[in-house]
Every structure is written in structure tokens, then in C-alpha cells.
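Worksheet for the structure shown next.
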Amino acid sequence: MGGITVEGVARAFGDVHAVRDASFSVEPGHVAGLIGPNGAGKTTLLLMLATLLAPDAGTIRIAGHDPVAEPRAVRERIGWMPDALGSWPSLTVRDALATSARMYGLTRDAASARAAELIDLVDLAPLADRPTRVLSRGQKQRLSLARALVHDPDVLLLDEPASGLDPAARASLRELVRRLAGEGKTLLVSSHVLAELEEMADTAVYLAGGVTAAADAVARAGRSARQWRVRSLDPLRLDEALTAAGFGAVARIDNLGAVVPLSSEADAAQLLAHLVGVGVPVSSFAPAVGDLEHVFLDLNRAGPPPAAPGSDAATPFGDSGPAAPGEARA
Amino acid sequence: MSGFLGGMWLIVTLDLKQRVRGVAWYVLLGVFVLLVTIVTALLVLATNAWDDGGGGVFSTIVFFVLLLGTLVSPALSGNAINGERDAGTLATTQVTLISTAQLVVGKWVAAWLTALTFLAASLPFLVFAVALGQVSAATIAISVLVLALELGIIAAIGVGLSGLLTRPLFSVTVTYLVVAALSVGTLIGFGLGGAAIQTTVRQTYIGVDWRELEEEGNPPVGERPPCLPPEVREYPTPRLDLVWGFLAANPYVVVADAAPGSFDEFGSPRDLFGWIAVGVRSAQHAPDTDAVIDECADWRPSGEWVSPDTQTPREIYERSVPSWFVGLAVHALLGAGALAWAWSRTRVPAKRLPAGSRVA
């Protein structure tokens, strides 16, 4: 069996409770988005899944193995793409990938074959023989993704994989992620760019203040009132029609049209029918924000346990950015 | 990766590959060779080495290489682990099948091999000293071997500290301080310790009463000369025998003492190593707190001087414990301890993180 199962996991650094109570599971063949605001504990959670941090409490199973008790078994099966982009600065892209492959026990020949394959996959061929320190952030991000895939793992943990990527690279990342899921791999992708996740994730884990949202809370948030954007060829008529229909007090009119809060999809269908019925030329009628964002904002509004205040003591996760490129190494 | 060694060697080659592609290492090596060249040239001119067989030149060059080696080695090893952590490459290695032990040992071997290149670069100069003549092959082999071990121990301390301390600058500095403590601190400890623990020596002197002798210098009665009443003198003396362990832990002493002693026909050492070894070993012996100098008993009618049973340096050397063994063992423990501690701190999944550090 594959997949990720997390139950009641907690981890503190001194008196900073980065993760308080995380429970979720991801089945093989699925892409789960790990969603949460900055400092929600996403990276800490991923470090625990990647066998780098031991949880204080709770259990983790990756493809049926415990990262604390059997780290080796887990490491064989996971590919981890960290948020901090480290690379051996003086090695070439090809050497760096081949070295990583050899760290997973591949022979020299198999490792260089695999490196060549991955260079094509992440589209770094023109840079394959340049030292990694010359890579831009987006290129490093792709190298990092290639390294996570180097031993063809069953479970992929991607921490902010899309940050720094240009639109074309984002599109190919999306495609790659969906294809890997199609091959039966389990993917957990963290991001706070929700539109990005919306397109690749088929399930979501919401994390705020170190606590994952319970399934019923997510379902409730999904059903809760949300904003719908309505556009019309004739904004004045739209405004009048909304006021006549009793939305005058709650609708927000701006130069793009109107934003109307509606409590359910049924209400939305009804309003649309009404507007069309009274002759408003509606050109667009859609949720103002994506599903993930809606749930995320709603859960945040519902007041999760307050995020622990930041502290300078032990910060194993950081949004402080990557190490400066080209650091001096003797 | 087949077994422990395969994975460890991968880390070693990765580390070395990165070093040889940097410029810093070549610059250091160049400066090093230049300095050794200058020192050798000056030594040859200063000591008249063409005539005395090169023993002095050899031992001084070995010391100079040790000095430079201990100055360079911390810089090469002191950021091995925390530097990787800063660069963000430690965690990506630790999620692979490379174990923490392979990582730490690999880093150490790489730092050691790098330091050994400095020793290798100085070998031509040692060979030159040997070519001058009288240095025995055993002395050369053992000096170079012990020098290599000392460099390995400093590399181990540097790598160990780089795993213990979070900031590379701090761990490099602390490694330098450890080297300074071993090289200079042990001398201070030895001197101050010996001076602080003093004991009183009671020396009794019995002289010949020359005025009672006849004009030819014969005793008036029988064979024995008339003696003066014993004079007793008391003075404090440092108990170096209680603190010689400090000196044994000095890397220079280790190198000097490990070389097989070579002595001339009067029992005096031939090279710098020998003198240091004799000095260190004579410190092992407790001072004679109740010394009797009986000149009267040693008197001979012929007037010949019978030396009281003082020892030649060679005799002192031979009846003492070889201190290099103790010193090297202390150093090895220090290095192994540092590596083991670094290993336990770097192990993942991490349970406790030192303040201010991060896993990735």
C-alpha cells in the first residue's frame, strides 16, 4: 500500500508550537494541496514526512512505514523538494543530479543515465554542463524538482514547487504533477498560491496555526456563503436589477460589474435565472474566488487557533528565502 | 551504494570535487609551498646544513609543516557540516540513503585528505633535508606518519565542531582555539602548573676540607681526605613530574617524541626532536628531594674527577615513558569524541534542535 497517513502529529520548537495537531491522509494516485498561511507549519509538517524531524506526538505512515522507526524504508520511497534551494554550487547540473542518484544507490552508469533523463524532463538541457551556481531561482527550482524524482519515488513531497517559475514552467510542472499522479504516485504539494494548486490538486489539506481543518469544517466552509462575480454588458441595468431583487444592500458594484454574496449554488442558479429573465445582458456569472481559496479564506475567518507568535529560537522552517547564490566555498 | 564505505566515499569525492573547483584551495597551497621554500632556504644557510647532516633542517621543516598544517586545517574542516546546512545541501543529502555516520566520516576523510595534500607538497623539502645525509629512514617515516595523524585529528576536531556549532565562522574560530590550546595552552599549563605545585628540596653538601690536606694534596692520614661538616641547603623546585601530561598533549611534542631518538657518542641528541624528547621525558621524573652531594667521598688521590652518577640525555630518554603515545591517544580521543558528538547532533529525524538552527 502507498499513500500518506498522518494522525495527531505535533511538533514544537522550544515554546513555538509549529504543528499542533495535524491529521490527514492522501491516497495513491492523488495530488493533495497543503494549504495554509505563512507560518502555518507547512514546512515543518513536510520535514517530518521527509524523515528529517521527529514528531513530538502522533503517528506518520508513508507507504506503510514510520519515518522515525524506519527512516531508510521511507527515504527509498519519498522524493522531497525543499523550500530552501540548496545545490552544490561548483558542480554542474548533470553532476549534481548524478551524485544525488548515486546517493540512492544507483550505479555510476545508471546514475548518469537517470540524470540525462531528468535534465530533459525539467527542460534544463542548455544548462546541463554549467555549474549550478549560475542557475536562476526558477532554474534551481527545476533542478530541485529533478533531484526529488531521481530515484523514481512513490511519494512526492513538494514544498512550494511553483515559486519562481515562469508561466511556461508552471504549466509543465502542472502537467508533470498530474502525470505522476496518473502513474499512481502520491503527491503532497504545499503552496500559498491557491490558483496554482487549484489546477493540480484534487484534494486539499488545510493547515492553519499548526492544526489541520477537520473534514466537516472543510465541507461546511465549502457550502458557506461565497462571493459571485456578475458581469453585464449594461452595468446600470445590472445594478437596478440587483437592487430590485433585494441585493442592493449586500452587493458590491465596481467597474468590473458586481460581487454578490450567495449562500449556495442553488441560490446562484436562481439569481442568474432571475437576472436573465428580467433582461439583464449577463456576460459572466462565476464564483469570485476558486474553491480552495474560498474554503481557505472561510476557515481562516472562522478563527482557527491563533498561530503561535514567531520567535527567533529554533526556526527549522523559514520563509526567509533561499541561501544567497554563489556563496564562497573553499 | 554498496555498504558503508561506498556511501562514505561518495561524500568524500563530492567534497573534494567541490574543493578542487574552487580557487581558494590552490591559493593556500601555493602560499604554503612558497613559505616552506623560504624557510628551508634560510635554514640551510643559517645552520650550515651541508656539514652537519641536515638533522636540524629536517626536524625544523617538520615542525614548520605542522605549524602551517594546524593553521590551514581548521579553515578546511571547520565549516564542513554547518556550511552545508547554510548552503541548503545538508538536508537534501540526509533524505537520501546516505546515513549520518557516512556523511560525518566522509566529511572528515575529505578534510583530512585535503590537509594531507599540504603534507605531500612539503615532502620534496623533507626529502631534500634527508638527502643532506644523516637522518635515518625510520625518523623520516615516523615523523611524516605522526604528522599525518595529527592533521587527521585536527580535521576530526574541525568537522566535529562544525556539526556541533551552528555558525561556520564560530566553529572555525573554535577549532583554531582548540589548536591554540593544544599548541600553546599546553605549554602554559605545564609551566604554570609546575610553578604552582612546588616542593622543597633538601640538599646536603659534604666538601673536602682542603686546608687539612698536605701540600701535595694527599690526605694526612690513610686514604680518605678530611671532610667538612655537611652543609644543608633548602630551596623550592617545581614539580614538573606532576604536570608533564600537559606537555605530552602538545602536538609538537608528540611529533618530536615519536621520532626514534638518535644520539651521538656522548649520549646527546643529534636533532631538535631529540632535545625536545629528552626535555619532556626528564620532566617525568620527580625531583630528588633529599639530595646528597658528597664531594668528599668522590675524592681520589690522583685528583681525577669522578663524576657523580649524573645521567646522559640518552639515559634519561631510555628510562622514561614515551610520552607521544599518551599525547596521540589523548588527541585521538578528542577527535573521535568530536566526530561522535557531531554525529549525534546531526542525526535525523531530529528530536531536539539547538537554538537558532534549522534542519533545512
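The values are calculated or read from the model by the stated rules, or taken from the named source; none is laboratory data. What you see is a predicted model; the values in this text were computed from it and never measured. Using ideal geometry, Cβ is built from the backbone for each residue, glycine included, and neighbour counts are taken over all protein chains shown. Side chains are part of the model used for accessible areas, which takes the heavy atoms of the whole protein and leaves out ligands, DNA and RNA. Shrake-Rupley method; radii C 1.70, N 1.55, O 1.52, S 1.80 Å.
List of remarks:
- Residue within segment B:83-91 that is hydroxyl-bearing (Ser, Thr, Tyr), modelled with pLDDT of 90 or more and in a helix (DSSP H, G or I) present: no
- Any hit, segment B:225-241, residues being in contact with a Cys (Cβ under 8 Å, 6 or more places away or on another chain) and of a type in the set (Val, Ile, Thr): no
- Residue list for segment A:72-91, restricted to those being surrounded by fewer than 24 Cβ atoms within 10 Å (Cβ to Cβ) and assigned to a helix (DSSP H, G or I): A:Arg72, A:Ala73, A:Glu76, A:Arg77
- Residue identified as away from every other protein chain (no Cβ under 14 Å) and touching an Asp or Glu at 6+ places or on another chain (Cβ under 7 Å) among B:Ser59, B:Ser122: B:Ser59
- Residue in segment B:224-234 that is among the basic types (Lys, Arg) and either not in a strand (DSSP E or B) or not assigned by TED's automatic domain parsing to the domain that holds B:Asp288 (or both) present: yes
- Per-region count, segment A:193-212, residues touching an Asp or Glu at 6+ places or on another chain (Cβ under 8 Å) and open to solvent by 10 Å² or more (accessible area, probe 1.4 Å): 5
- Restricting attention to segment A:44-58 and to residues that are out of contact with any Leu (no Cβ under 8 Å at 6 or more places or on another chain), on the phi < 0 side of the Ramachandran plot and within 10 Å of chain B (Cβ to nearest Cβ), the residue that is surrounded by the fewest Cβ atoms within 10 Å (Cβ to Cβ) turns out to be A:Asp56.
- Test: residue in segment A:156-166 that is surrounded by fewer than 22 Cβ atoms within 10 Å (Cβ to Cβ) and part of a helix (DSSP H, G or I): no
- Of the criteria (1) modelled with pLDDT under 95; (2) crowded, with 22+ Cβ neighbours inside 10 Å, which one A:Ala101 fails: (1)
- Count - residues of segment B:162-185 that are part of a helix (DSSP H, G or I) and either more than 21 Å from the chain's Cα centre (by Cα) or of a type in the set (Val, Ile, Thr) (or both): 14
- Top-ranked residue in segment B:301-353 [being surrounded by 13 or more Cβ atoms within 10 Å (Cβ to Cβ) and within 14 Å of another protein chain (Cβ to nearest Cβ); ranked as modelled with the lowest pLDDT]: B:Leu353
- Screening segment B:77-91 for residues that are open to solvent by less than 10 Å² (accessible area, probe 1.4 Å) and polar (S, T, N, Q) and picking the one that is farthest from the other protein chains (Cβ to nearest Cβ) gives B:Asn82.
- Screening B:Thr13 against (1) more than 26 Å from the chain's Cα centre (by Cα); (2) crowded, with 21+ Cβ neighbours inside 10 Å; (3) part of a helix (DSSP H, G or I) leaves a single unmet condition, (2).
- Meets criteria (closer than 30 Å to B:Ser344 by Cα and part of a strand (DSSP E or B)) for A:Gly33: no
- Single residue of segment A:59-91 satisfying the filter (aliphatic (A, V, I, L, M) and touching a residue at least 60 places away in the same chain (Cβ under 8 Å)) that is nearest to the other protein chains (Cβ to nearest Cβ): A:Ala84
- Among the residues of segment A:26-57, those that are in contact with a helix residue (DSSP H, G or I) (Cβ under 7 Å, 6 or more places away or on another chain) and within 19 Å of A:Gly8 (Cβ to Cβ) comprise A:Leu34, A:Gly36, A:Thr51, A:Leu53, A:Pro55.
- In segment B:162-190, the residues that are closer than 19 Å to B:Leu328 by Cα reach residues that are not in a helix (DSSP H, G or I) with C-beta atoms within less than 7 angstrom, at least six apart or across chains, in these pairs: B:Thr175/B:Gly78; B:Leu182/B:Ala249; B:Leu182/B:Asn250; B:Ser183/B:Asn250; B:Thr186/B:Ala249; B:Thr186/B:Asn250; B:Leu187/B:Asn250.
- Total residues in segment A:234-258 satisfying the condition of being of a type in the set (Val, Ile, Thr), in contact with a Pro (Cβ under 9 Å, 6 or more places away or on another chain) and surrounded by fewer than 16 Cβ atoms within 10 Å (Cβ to Cβ): the figure is 1.
- Taking the listed residues A:Arg142, A:Arg94, A:Arg137, A:Arg114, the one that is more than 9 Å from every other protein chain (Cβ to nearest Cβ), within 19 Å of the chain's Cα centre (by Cα), buried (at least 18 other Cβ atoms within 10 Å of the Cβ) and not β-branched (Val, Ile, Thr) is A:Arg142, with no other qualifying.
- Residue check for A:Pro55: part of a loop (DSSP other than H, G, I, E, B) and over 12 Å from B:Pro349 (Cβ atoms): no
- Of the residues examined, A:Ala128 is not one that is under 19 Å from the mean Cα position of the chain (by Cα) and aliphatic (A, V, I, L, M).
- Pairs where the first residue, in segment A:210-227, is modelled with pLDDT of 75 or more and basic (Lys, Arg) and the second is open to solvent by 40 Å² or more (accessible area, probe 1.4 Å) and part of a strand (DSSP E or B), C-beta under 8 Å, 6+ apart: A:Arg226/A:Pro261; A:Arg226/A:Pro287
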